[in-house]
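Please read the structure below before turning to the comments.
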Amino acid sequence: MINNKSFDLERVYTENREKFIGFALGYSVSKETAIDIYQDAVVALMEQIKKNKPIAVKSSVATYLFAIGKYMLFHYLKKEKRLTVEIEDLPEIEWDFMEAAQKEEQVGLLQLYYEKMGEHCKKILQLFYYEEKKLEEIVQLLGYENKDVVKSQKSRCIKQLKTLIAEHNG
């Protein structure tokens, strides 16, 4: 998740500007119009961040921004009577796709940092989440004193995993 503190507007703006302008020029708009639409999309993105709405992690920001700009471009073309389909017939900004991409990225990060954890934590998390073992079963399998010890250890492992991912998104 990005927020006002972690969002690098200048980087996002410059990395995506030419790609979007190239896309917009394919619809026979002037370069100035393409730039105006792109800037409006960046402003809309910033407004979403200021409202603390959930935004995709860094690698998905470009997709999110591009979708906003694409919708604004189609709206502009419709207004100029240069778009032959109704805006209502156009797919909305592909939030479902973006949510799926965000979830896929999160799963990738979980897998990456899970592999970097110690064997002890990996085993507890694997037994609990992947093999769906109950705490009592894990006590027996790993030789713990009681389920409270397993619960505490699992909690520490989860916290470690969350910290690693947060540092990555930093």
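The values are calculated or read from the model by the stated rules, or taken from the named source; none is laboratory data. Note that the structure is predicted; figures quoted are calculated from it, not measured. Don't worry about glycine lacking a Cβ; one is built from the backbone with ideal geometry, like all the others, and counts go over all protein chains shown. Just so you know, the surface numbers come from the protein's heavy atoms only, side chains and all, with ligands and any DNA or RNA stripped out. Shrake-Rupley method; radii C 1.70, N 1.55, O 1.52, S 1.80 Å.
Six or more apart or on different chains, Cβ under 8 Å: which pairs go from a residue in region 127-147 that's in contact (Cβ under 8 Å) with a residue 24 or more places away in the chain to one that's of a type in the set (Lys, Arg)? Could you list them?
Phe128/Lys154
Can you tell me which residues in region 112-163 are of a type in the set (A, V, I, L, M) and surrounded by fewer than 16 Cβ atoms within 10 Å (Cβ to Cβ)?
Keep residues of region 112-163 that are of a type in the set (A, V, I, L, M), which gives 112, 117, 124-125, 127, 135, 138-139, 141-142, 149-150, 158, 161.
Matches in region 112-163: Leu112, Leu141, Leu142, Val149, Ile158.
Inside region 23-50, can you point out the residues that are closer than 12 Å to Gly69 by Cα and open to solvent by less than 50 Å² (accessible area, probe 1.4 Å)? It would help to see each step written out before you state the result.
Step one: list which residues in region 23-50 are closer than 12 Å to Gly69 by Cα, which gives 23-24, 33-45.
Within region 23-50, Ala24, Thr33, Ala34, Ile35, Ile37, Tyr38, Ala41, Val42, Ala44, Leu45 meet the criteria.
If you check every pair at least six apart or on different chains, which have Cβ atoms under 9 Å apart with a residue in region 28-39 that is touching a residue at least 40 places away in the same chain (Cβ under 8 Å) first and a residue that is open to solvent by 30 Å² or more (accessible area, probe 1.4 Å) second?
Close Cβ pairs (under 9 Å, with a partner that is open to solvent by 30 Å² or more (accessible area, probe 1.4 Å)) amount to Ser28/Arg82; Val29/Tyr76; Val29/Glu80; Val29/Arg82; Thr33/Tyr76.
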